[in-house]
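Structure, as structure tokens:
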Amino acid sequence: MTDKIKILTISDMPLSPSGVGTQTKYVIESLLKTGKYQVVSLGGAIKHPKHDPIKTEEWGDDWVIYPVDGFGTPDMIRSIVRNHRPDLLWFMTDPRFFGWLWEIEDEIRSQVPMVYYHVWDNFPAPHYNEKFYNSNDVICAISKVTDAAVREVAPDVECHYVPHAVDGDIFKPLPTSDTSDLRKEQLGDSHEKFVFFWNNRNARRKQSGTLLFWFKEFLERVGKDKATLIMHTEPKDPNGQDLEAIAKKLDMHEDGQVFFSKQKYPPQILANIYNMVDCTINISDAEGFGLATLESLSCGTPIIVNMTGGLQEQVTDGENWFGIGLNPSSKAIIGSQDIPYIYEDRINKEDFIEALTKIMEMPEEERNALGEAGREHVIKNYNFNDFCEKWPALLEDIHNRYGSWENRKNYSTWTFEEVA
């Protein structure tokens, strides 16, 4: 028997390198470090070699991870809630993955509060999500865009702006001598070129193929011996384009115009790469947050981004800039049966090539100043210590105010409605 607060989490596998998985791990570790929490996790969104429960050496019985296909099933949640008796359910990612969970919210919320860490990319405000938003006790928003959308669509639901964060003790600037040696080791004859970095999943909205075509045109204008592009991704991801085929078609792969980095690296190695490169790029047409660019800024490396979703609050604080933000030249309304409408923000090729040229030709001192200011921006507005203090305090407060099981408060399974 323990008096610790038990949290059930549902998200990407928290030991995986995805943005959602990484942030989930940060949240869980911040809870466990207080000594006040125990965590049971359903880790999904990847193909698991086996589904046996996992315990980490550091946390032992205080953190048990159950690998699941997808994000779980209603019966699985019913079983976990009944057998583990958590005090609170915390879950994270795009709402289209959790319709099945909200369908049984009356069963769950009668026992424990539901806290949703919400990822949303763009406007118009998604009023079709209203029923989902109203099925939670508390929503935490990863970006200012997400926060504004929730407050417009479901103003009666408790909402907190809790942006992503990265560990500034890992993602930090390194001495120039260290990065110079690393460039020579990794890039060989291309080490003296200007190095752009792209770190994303190879998926449609990430515009990976567009990036290759436009970068090729950029090189034709400035000289192919002037710059190189590192794409840290799986070039043959079934959810994206065959990037190796594109590079071959464009004759980019053989003379150091583009490098594909396929290996999954721990954070410390990624931090070295951000320090080694000159600029990090993200031109997604929709981006809930964009963790790679925040990691880059934390290392003091400036960014070029589309002014969409969470990217726009990273590249500027409203007064100062920490790279180059590209305003979309097209804001098309796209949608599906699940998401009837949302903006898809596309940038202009000429604007992009101009941005690449501008940052490459910028005096080194000016570019370094952008990166240094970006690092300060991250420390001020996405401080990892603040993040790790806020989550335990917030969840403890929710637990105290909403209770669980025999002490469940502020929730009723019925409502009064006036019938005309």
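The values are calculated or read from the model by the stated rules, or taken from the named source; none is laboratory data. Everything numeric in this text was worked out from a predicted model, so none of it was measured. Here Cβ is always computed from backbone atoms with ideal geometry, including for glycine, and neighbour counts include all displayed protein chains.
Annotations
- Extreme residue, surrounded by the most Cβ atoms within 10 Å (Cβ to Cβ), among residues of region 297-321 that are touching a Pro at 6+ places or on another chain (Cβ under 8 Å) and of a type in the set (S, T, N, Q): T308
Per-residue answers, yes or no, for (1) within 22 Å of the chain's Cα centre (by Cα); (2) in the same structural domain as E295 (by TED's automatic domain parsing); (3) not acidic (D, E):
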residue: I28; (1), (2), (3): yes, no, yes
residue: I46; (1), (2), (3): yes, no, yes
residue: L88; (1), (2), (3): no, no, yes
residue: D94; (1), (2), (3): yes, no, no
residue: S110; (1), (2), (3): no, no, yes
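- Out of T22, T73, T93, sole residue that is surrounded by fewer than 21 Cβ atoms within 10 Å (Cβ to Cβ), touching a residue at least 12 places away in the same chain (Cβ under 8 Å) and within 22 Å of A165 (Cα to Cα): T22
- Test for W120: is it assigned by TED's automatic domain parsing to the domain that holds R401, more than 20 Å from the chain's Cα centre (by Cα) and of a type in the set (A, V, I, L, M, F, W, C): no
- Qualifying residue in region 367-374 (condition: closer than 30 Å to L31 by Cβ and at pLDDT 95 or above): yes
- Qualifying residue in region 11-18 (condition: out of contact with any Asp or Glu (no Cβ under 7 Å at 6 or more places or on another chain), surrounded by 18 or more Cβ atoms within 10 Å (Cβ to Cβ), at pLDDT below 95 and of a type in the set (D, E, K, R)): yes
- Counting the residues of region 197-253 that are in a loop (DSSP other than H, G, I, E, B), farther than 17 Å from S296 by Cβ and touching a residue at least 40 places away in the same chain (Cβ under 8 Å) gives 4.
- Those residues of region 126-146 which are under 15 Å from the mean Cα position of the chain (by Cα) and not hydroxyl-bearing (S, T, Y), in sequence order: C140, A141, I142, K144, V145
- Candidates in region 133-151 are the residues that are in contact with a His (Cβ under 9 Å, 6 or more places away or on another chain) and within 22 Å of N410 (Cα to Cα); of these, the one that is surrounded by the fewest Cβ atoms within 10 Å (Cβ to Cβ) is V138.
- Scope region 280-326; condition under 15 Å from the mean Cα position of the chain (by Cα), of a type in the set (S, T, N, Q) and assigned to a strand (DSSP E or B); matching residues: N282
- Residue list for region 334-382, restricted to those being in contact with a Phe, Trp or Tyr (Cβ under 6 Å, 6 or more places away or on another chain) and free of Cβ contacts under 8 Å to residues at least 60 places away in the same chain: G335, A373
- Residues (modelled with pLDDT of 95 or more and in a loop (DSSP other than H, G, I, E, B)) located in region 99-119: E103, I104, S110, Q111, V112, P113
- Filtered by the rule that a residue be crowded, with 18+ Cβ neighbours inside 10 Å, of a type in the set (A, V, I, L, M, F, W, C) and either more than 15 Å from the chain's Cα centre (by Cα) or modelled with pLDDT of 95 or more (or both), region 166-181 gives a lone residue, F171.
- Region 343-386, residues that are within 25 Å of the chain's Cα centre (by Cα), outside any helix (DSSP H, G or I) and closer than 30 Å to G223 by Cβ: R346, I347, N348
Yes or no, residue by residue, for (1) at pLDDT 95 or above; (2) in contact with an Asp or Glu (Cβ under 8 Å, 6 or more places away or on another chain); (3) β-branched (V, I, T):
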| site | (1), (2), (3) |
| --- | --- |
| K264 | no, no, no |
| Q268 | no, no, no |
| D278 | yes, no, no |
| I281 | yes, no, yes |
| S296 | yes, no, no |
| G300 | yes, yes, no |
| I304 | yes, no, yes |
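- Boolean, D156 is under 20 Å from the mean Cα position of the chain (by Cα), at pLDDT 95 or above and surrounded by fewer than 14 Cβ atoms within 10 Å (Cβ to Cβ): no
- Some residue of region 327-338 being under 30 Å from F171 (Cα atoms) and either in a helix (DSSP H, G or I) or in contact with a helix residue (DSSP H, G or I) (Cβ under 6 Å, 6 or more places away or on another chain) (or both): no
- Filter pass, D61 being closer than 10 Å to L8 by Cβ, touching a Lys or Arg at 6+ places or on another chain (Cβ under 9 Å) and in the same structural domain as E130 (by TED's automatic domain parsing): no
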